[in-house]
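Trainee: Have a look at this one.
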Amino acid sequence: MYESYWKEVDQKCSVTIPGFQSLSYFANIKNLCWFLEPKLEEEIKRLHNTVGNAIVEDRHIVVGTGSSQLILAAFYALSDPLNESGPVNIVSAVPFYSSYPEMSNYLQSTLFKWSGDARCFNKDGPYIEMVTSPNNPDGVIREPVVNRAKGMTVHDLAYYWPQYTAITSHADHDIMLFTVSKCTGHAGSRIGWALVRDEKVARKMVKFVEINTIGVSKEAQLRAANILEIISLSCQTDNKPHDLDNFFEHSHNLMVQRWNKLRDVVLNNGLFSVPKFPLQYCKFKRDFTETYPAFAWVKCKEGMDCEKLLRGQKILARSGRRFGSEPEYARISMLSRDEEFDLFVQRLSSIRGIGNEK
Ligand code: PMP
């Protein structure tokens, strides 16, 4: 979806890295996160200050190969190898991002394990709750649901950007995860970052990345820094390079158009429903807005297998089951290229025919 914006920007954000540059593992040995490129650190701070979506003062920034690596780094940092009650339980409210259970269990660690729906969690002892807001898959703004003394939270704020939802306050949590994948569309650069309050936790997350990949690609960090710089510049009212569209306004408008198209089809065919979202005041846009999630969480009529029904019309979706939910639900990406999105809407509207024939 973001490709057309970046085509317009064209050469202005190209990075050239000569062969002699960035050879070392180290980026800044004085920094707690010694593999974080100073330029990326600066642009992460600038962007959060521009958008107003997270507190960066007095936080440690840990860069990762995507926020995926940082999710595991957070699990590692928050678990205690000496804990007598065994692996720490990891929970998230249904419907949860489908990678959390996979990430928690695939190495069968003795440090942590997946324990399912946070709303059903009733074990004693320490636990980690993943709080995804806006949520993947359903776009809902979330808060922790377990709220017990021994609880730790990781706020996955991959979608807390103005194209998707209202920026209502500077997020201020112990561990906050962000990624360029969802912010700018550069999923292939594999750059994510964590804003971490506690120094000890940040050090353990850095240790995890050190053992796992000895740092994070400098080429990717330098490119990400450039991209973030461009979008911060695009938000300025003064001194803005005059041919640069405000990135968040541009992408927010696209999201509104896409959701309007989808809602029209859903209204007409009567077979599906999609969630509704309240109006909230966005401090970045200085206006009221709804949430326009990166995914449509589509619900079919009772007893239908939504993924199967969609696949019959050549629409690839991920079943609700993968998110701890029922098969009546399926998740569809709203961030495809224009042609793909139009094809999706067209195919979805043709299902009406099938429904009416029966
Ligand atoms: N968290 C959430 C909620 C996501 O939706 C995704 C990507 N689908 C990620 C984390 C991982 O993003 P990445 O590794 O590309 O930064």
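Trainee: Enumerate the calculated ³J(HN,Hα) couplings along the stretch 212-221 in order (Karplus 6.51 cos²θ - 1.76 cosθ + 1.60, θ = phi - 60°), each rounded to whole Hz, writing x wherever the residue is Gly or Pro.
Mentor: 6, 9, 6, x, 9, 2, 5, 4, 5, 5
Trainee: Once both labels are modelled 7 Å past Cα along the beta-carbon direction, what's the ALA149-ASP245 spacing in nm?
Mentor: Calculated label separation equals 5.4 nm.
Trainee: A further question on this structure: Below 8 Å between Cα atoms, with a sequence gap of 6+, how large is the relative contact order for the stretch 152-308 in percent? Kindly include the intermediate steps, with their values, before the conclusion.
Mentor: On the way: 181 pairs, mean separation 41.9, N = 157.
Contact order relative to length: 27 percent.
Trainee: OK, next. Which lysines does LYS200 reach when only Cα atoms under 30 Å apart count, and residues fewer than 8 places away in its own chain are ignored?
Mentor: Result set, ordered by chain and number: LYS30, LYS39, LYS45, LYS113, LYS123, LYS150, LYS182, LYS218.
Trainee: Please compute the length gained on full extension between TRP6 and ILE29, using 0.36 nm multiplied by the number of residues separating them and subtracting their Cα-Cα distance.
Mentor: On the way: separation 23, 0.36 × 23 = 8.28 nm, distance 3.32 nm.
Gain in length upon complete extension: 5.0 nm.
Trainee: Separate question: Let's see if you can work this out: charge +1 on each Lys and Arg Cβ, -1 on each Asp and Glu Cβ, no other charges. What is the dipole magnitude of the chain about its Cα centre, in debye to the nearest 20?
Mentor: Values: 43 positive and 42 negative charges, 123 e Å.
Dipole about the Cα centre, nearest 20: 600 debye.
Trainee: Can I ask one more? Work out the charge dipole of the stretch 158-219 with +1 on the Cβ of Lys and Arg and -1 on the Cβ of Asp and Glu about the Cα centre, then indicate which of TRP161, ILE214, THR179 is farthest towards its positive end.
Mentor: ILE214
Trainee: Something else: Taking +1 at the Cβ of each Lys and Arg and -1 at the Cβ of each Asp and Glu, which of TYR100, PHE272, TYR127 sits farthest along the dipole of the chain towards its positive end, judged by Cα position relative to the Cα centre?
Mentor: Comparing the listed Cα positions along the dipole, PHE272 ranks first.
Trainee: With springs only between Cα atoms under 10 Å, which of ASN226, ASN253, ASN135 fluctuates most in a Gaussian network model of the chain?
Mentor: It is ASN253.
Trainee: For ASP238 and LEU107, FRET efficiency with R0 = 56 Å and r from the beta-carbon atoms, rounded to 0.05?
Mentor: Working: r = 50 Å, r/R0 = 0.90.
Between LEU107 and ASP238 the formula returns 0.65.
Trainee: So what is the relative contact order of the stretch 113-209, in percent, for Cα pairs below 8 Å that sit 6 or more residues apart? Write out the running numbers ahead of the final one.
Mentor: Numbers: 129 pairs, mean separation 18.4, N = 97.
Here the relative contact order equals 19 percent.
Trainee: Obtain the nm distance between the two label points defined at THR16 and ASP80 by a simple spin-label model: each point lies 7 Å from its Cα along the Cα-to-C-beta direction.
Mentor: 5.5 nm
Trainee: Between LEU309, TRP259, PHE284, whose Cα lies farthest towards the positive end of the dipole of the stretch 223-358 when Lys and Arg beta carbons carry +1 and Asp and Glu beta carbons carry -1, centred on the Cα centre?
Mentor: In the stretch 223-358, that residue is LEU309.
Trainee: Run the quick spin-label model on HIS170 and SER336: label points 7 Å from Cα toward the beta carbon, then report their separation in nm to one decimal.
Mentor: Placing both labels 7 Å beyond Cα along the Cβ direction yields 4.0 nm.
Trainee: Roughly what % of DSSP beta bridges within the chain run antiparallel, to the nearest 5? Intermediate values should be presented prior to the final figure.
Mentor: Details: 23 of 39 bridges.
Looking only at bridges with both residues in the chain, the antiparallel portion is about 60 percent.
Trainee: Do any GluC sites (Glu not before Pro) in the stretch 20-102 lie in a DSSP loop with no more than 14 other beta carbon atoms within 10 Å, and if so, which? Mind dumping the intermediate values first?
Mentor: Details: sites: GLU41, GLU42, GLU43, GLU57, GLU84, GLU102; in loops: GLU57, GLU84.
Here the GluC sites (Glu not before Pro) that fit, given the DSSP loop and packing criteria, are GLU57, GLU84.
Trainee: Related question: For the stretch 171-250, what is the charge dipole size about the Cα centre, in debye to the nearest 20, if Lys and Arg each add +1 at the Cβ and Asp and Glu each add -1 at the Cβ? Please list the in-between numbers first.
Mentor: Working: 10 positive and 11 negative charges, 104 e Å.
Using Cβ point charges on Lys, Arg, Asp and Glu, the stretch 171-250 gives about 500 debye.
Trainee: Evaluate the relative contact order of the chain (contact order divided by residue number), counting alpha-carbon pairs under 8 angstrom at least 6 apart; express in whole percent. Could the numbers behind the result be given before it?
Mentor: On the way: 677 pairs, mean separation 71.6, N = 358.
For the chain, the relative contact order is 20 percent.
Trainee: Label the chain by shape, choosing from rounded, prolate and oblate, from the square roots a ≥ b ≥ c of the eigenvalues of the Cα gyration tensor; if a/c is under 1.5 it is rounded, and otherwise prolate applies when a/b is larger than b/c, oblate when it is not.
Mentor: Working: a/c = 1.84, a/b = 1.16, b/c = 1.58.
In terms of gyration-tensor shape, oblate.
Trainee: What Cys residues in the chain are without a partner cysteine, judged by a Cβ distance under 4.7 Å?
Mentor: CYS13, CYS33, CYS120, CYS183, CYS235, CYS282
Trainee: For the stretch 230-319, what number of Lys pairs, 8 or more residues apart or on separate chains, have alpha-carbon atoms under 27 Å from each other?
Mentor: 17
Trainee: Using a Gaussian network for the chain with springs between C-alpha atoms less than 10 Å apart, which of these wobbles most: ASP156, ASP287, ASP80?
Mentor: ASP287
Throughout, read-outs are computed from the coordinates displayed, never taken from laboratory work. Quick caveat, the model's predicted, so the values are computed rather than measured. Virtual Cβ from ideal backbone geometry, glycine too; neighbours counted across all protein chains shown.
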